[in-house]
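The values are calculated or read from the model by the stated rules, or taken from the named source; none is laboratory data. Note that the structure is predicted; figures quoted are calculated from it, not measured. Glycine also receives a Cβ, built like all others from the backbone with ideal geometry; neighbour counts cover every protein chain displayed. Please note that ligands, DNA and RNA were not included when accessible areas were found on the heavy atoms of the full protein model with its side chains. Shrake-Rupley method; radii C 1.70, N 1.55, O 1.52, S 1.80 Å.
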Amino acid sequence: MADDDEIILSELPDDELVLQMHDDLYDGLKDEIEEGTRLLLDRGWTPYDVLTRALVAGMKIVGDDFRDGILFVPEVLLSANAMKSGMTILKPLLAETGAPRMGKMVIGTVKGDIHDIGKNLVAMMMEGAGFEVVDLGINNSVEKYLEALGTEAPDILGMSALLTTTMPYMKVVIDTLKEKGMREDYIVLVGGAPLNEEFGRAIGADAYCRDAAVAVETAKQLVARRHNQLSA
Ligand code: B1M
């Protein structure tokens with residue numbers, strides 16, 4: 001028999017279920033996050049709404065308390081794993097929009113940085129919008145980016161950084177592209193919580209993307225502009 005205070009997720013109305021998922025994400029409860037994600041989908045929520053309103057909003061609370069010294073790395077790791085398990089359920093649904101092929105992107109988190117949730121989200125949303133995405137994972141050196149650009153020949157290079165100590169590495173990559181005369185061959189998009197537009201401009205990126213939705217829109221616009229220039 002269930003404890004009196006046991007919460008049955010399936011019995012909660014949507015708004016309470018979402019708040020409960022924020023709590024469960026905070027507590028790193030992977031099974032509950034998976035169950036909540038499936039319940040919202042079963043109730044007709046779009047994958048995008050589940051992602052943004054239940055998972056990303058919950059992770060924001062975790063991030064704020066991490067910043068304020070209320071949560072520590074081991075706890076945040078559990079939250080991150082719970083978030084990823086929800087994203088795993090959503091990934092095929094976001095990718096299956098049947099959108100026409102838009103172009104190709106190579107994306108990775110820069111050297112020294114192991115944060116990958118935001119980068120994974122961008123990759124998922126780009127795939128959902130019809131881009132082919134090659135995900136290089138975390139901790140990428142300039143050599144790894146160059147190798148992937150050579151083998152994959154993408155339209156776009158995407159870089160993610162979540163630390164103020166690793167974001168300058170994006171400039172190292174862009175400067176290397178310039179030195180090798182390859183900079184104009186790619187659209188370079190950058191993102192990550194500590195960046196801003198001014199930083200993106202200063203390092204010579206084509207655009208800074210505040211979030212995954214902006215990344216998709218920016219990629220669409222810049223790829224279309226590039227195709228128009230090439231065919232003019
Ligand atoms: Co870390 N961490 N962390 N962390 N962590 C931050 C980034 C931090 C801001 C927390 C804080 O103090 N408030 C802080 C950085 C401070 C700073 O540099 N100014 C910090 C720190 C200090 C650290 C460690 C140094 C802690 C330590 O060891 N003492 C350490 C560093 C390890 C390393 O990388 N070398 C560390 C470790 C970790 C964990 C491993 C525990 C875990 C990562 C797990 C994982 O990713 N697999 C973790 C987490 C989870 C966070 C927070 C809490 C959440 C990040 C996240 O996933 N957000 C974060 C706090 C915060 O950001 N407020 C924090 C959710 C995600 C959806 O958002 O990543 O911003 P975000 O991505 C967005 C946009 O930024 C954008 O779109 C995404 C989706 O909308 N975007 C892109 C991101 N990349 C893009 C690329 C693009 C386009 C858009 O390309 C085109």
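Free of any GluC sites (Glu not before Pro) that DSSP assigns to a loop and that have at most 11 other C-beta atoms within 10 Å, the longest stretch within the chain is 97-232.
Applying a DSSP loop filter and a limit of 13 other Cβ atoms within 10 Å to the trypsin sites (Lys or Arg not before Pro) in the range 130-190 leaves K180.
Figure the gain on full extension for I114 and R210 (residue separation times 0.36 nm, minus the Cα-Cα span) and round it to one decimal in nm.
Working: separation 96, 0.36 × 96 = 34.56 nm, distance 1.91 nm.
Roughly 32.7 nm would be gained on extension.
Just list whichever of K144/K178; K91/K178; K60/K144; K60/K84; K111/K180 have alpha carbons separated by over 25 Å in the model shown. Provide the component values of the computation, followed by the final result.
Values: K144/K178 16 Å; K91/K178 35 Å; K60/K144 30 Å; K60/K84 14 Å; K111/K180 20 Å.
Over 25 Å Cα-Cα: K91/K178; K60/K144.
Give the average over all directions of the projected area of the C-alpha convex hull of the range 17-74, one decimal, in nm².
Values: hull surface 14.9 nm².
Quarter of the Cα hull surface area: 3.7 nm².
For the chain, carbon and sulfur atoms together expose 54% of the accessible surface, with a 1.4 angstrom probe and every protein chain in place. Taking one quarter of the surface of the C-alpha convex hull of the range 120-182 gives a mean projected area of 4.5 nm². Within the shell defined by Cβ-Cβ distances under 9 Å, the residues around M102 carry a net charge of +1, with Lys and Arg each +1 and Asp and Glu each -1.
Put one equal scatterer on each alpha carbon of the chain, apply the Debye formula with no solvent term, and list log10 I(q)/I(0) at q = 0.12, 0.15, 0.18 1/Å to two decimals. Ignoring solvent entirely, the Cα scatterers give -0.69, -1.01, -1.31.
Placing unit charges on C-beta atoms (Lys and Arg positive, Asp and Glu negative, everything else neutral), compute the dipole magnitude of the chain about its Cα centre in debye, rounded to 20. Present the calculation step by step, with values, prior to reporting the outcome.
Numbers: 22 positive and 40 negative charges, 361 e Å.
That gives a dipole near 1740 debye.
The length gained on full extension between S231 and E147, counted as 0.36 nm times the residue separation minus their Cα-Cα distance, comes to 27.5 nm. With R₀ fixed at 22 Å, the C-beta to C-beta distance from L41 to E16 puts the FRET efficiency at about 0.80.
In the context of the full set of protein chains, residues of the range 78-205 present 43 Å² of accessible surface per residue (probe radius 1.4 Å, heavy atoms only). Among the trypsin sites (Lys or Arg not before Pro) within the range 5-69, not one is in coil by DSSP while having at most 10 neighbouring Cβ atoms inside 10 Å.
With axes computed from alpha carbons, what is the tilt in degrees of helix 57-67 against the longest principal axis of the chain, rounded to the nearest 10 within 0 to 90? Between the helix axis and the principal axis of the chain, the angle is about 80 degrees.
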